[in-house]
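First the structure, in the form of structure tokens, and then the observations on it.
The values are calculated or read from the model by the stated rules, or taken from the named source; none is laboratory data. Given the structure is predicted, the values throughout are model-derived calculations rather than measurements. Every residue, glycine as well, gets a Cβ built from its backbone with ideal geometry; the counts of neighbours run over all protein chains shown. These area figures cover heavy atoms from the full protein model, side chains too; ligands, DNA and RNA do not enter into them. Shrake-Rupley method; radii C 1.70, N 1.55, O 1.52, S 1.80 Å.
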Amino acid sequence: MVAFFQSLHKTLAAGVVLLIVIVVLVGLIGGPFVKFDHAYWQFFMRWLHIMAGIMWMGLLWYLNFVQTPTVPKIEPAEHRAAITKYIAPNVLFWFRYSALATVVLGLILAWQKGYIVQALTFQKPVYTIGLGMWLALIMAFNVWFIIWPNQQKVLGLVEATPDQKAAAGRLAGMTSRINTMLSIPMLYCMVAQNNSPL
């Protein structure tokens with residue numbers, strides 16, 4: 001059992017199998033099975049969007065609540081290389097692509113539901129989610145065009161002088177903190193659209 005859960009791929013596959021079992025059992029116990037109609041695919045797209053968003057926000061908050069404040073405390077300092085050589089590049093890979101997936105899936109969902117233009121132009125009744133969408137777009141822009149290029153310098157993936165690395169680290173860190181700040185109203189607007197007035 002332990003060996004099984006040491007494999008991320010097997011764990012993810014088991015999660016999908018468990019989901020299928022749950023869907024089938026609920027269908028058998030509670031009534032109708034899943035109908036693969038337009039409403040289902042909207043729901044499925046929302047589920048994928050939320051899954052990607054959880055990964056994106058989870059990594060954003062991990063970076064800001066755990067990694068960034070902890071790394072300077074690691075002693076001796078040469079042990080910090082484990083973070084910069086192995087963990088941070090991997091985190092930043094999943095961070096970038098979960099941001100991209102969240103935005104793309106969210107835009108597809110808004111298109112499927114027929115409100116993409118109205119939301120992005122702040123029209124009633126979808127101005128709240130439109131505000132959340134714009135915050136997410138700004139955050140994704142920051143990830144791809146400010147945080148990632150500067151982190152490449154910090155991590156030594158791109159040539160940079162020590163001064164350039166220090167400046168890049170400050171800019172990437174500040175932008176990541178801005179994204180953390182923006183994530184709070186962004187998540188509120190996304191949930192408030194269907195559950196509460198702004």
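Taking 37 °C and 0.692 mPa s as the conditions, I'd like the Stokes-Einstein D for the stretch 130-198 in µm²/s, using the Kirkwood hydrodynamic radius from alpha carbon pairs. Reported coefficient: 251 µm²/s.
A prolate overall shape is assigned to the stretch 55-139, the ratio a/c of its alpha-carbon gyration tensor axes (a ≥ b ≥ c) being 1.5 or greater and a/b exceeding b/c. When you count the other C-beta atoms within 10 angstrom of each residue and take the mean per peptide, 131-138, 25-32, 63-70 line up highest first as 131-138, 63-70, 25-32. In angstrom, the C-alpha Rg and Dmax of the chain are 20.2, 65.
Multiplying each eigenvalue of the alpha-carbon gyration tensor of the stretch 91-162 by 5 and taking the square root yields semi-axes of 32, 12, 7 Å, largest first, rounded to whole angstroms.
Here the translational diffusion coefficient of the stretch 4-76 follows from Stokes-Einstein with Rh set to the Kirkwood radius across Cα pairs; for 4 °C and 1.567 mPa s it amounts to 82 µm²/s.
Calculate how steeply helix 38-62 sits against the longest principal axis of the alpha-carbon atoms of the chain, using the helix alpha-carbon long axis, and give the answer as 0 to 90 degrees to the nearest 10. Here the helix axis deviates by roughly 20 degrees. Each Lys and Arg Cβ is given +1 and each Asp and Glu Cβ -1; about its Cα centre, the stretch 78-198 then shows a dipole of about 80 debye.
Projecting the Cα positions of Ser176, Asn195, Phe141 onto the charge dipole of the chain (unit charges on Cβ atoms of Lys, Arg, Asp and Glu, taken about the Cα centre) puts Asn195 furthest along the positive direction. Averaged over its residues, the chain has an accessible area of 64 Å² per residue, based on protein heavy atoms and a 1.4 Å probe. FRET efficiency for the Glu159 to Ile108 pair, using the beta carbon distance and R₀ = 41 Å, is estimated at 0.60. Farthest toward the positive end of the dipole of the chain, out of Pro162, Phe122, Asn150, is the Cα of Phe122, where the dipole comes from beta carbon charges about the Cα centre.
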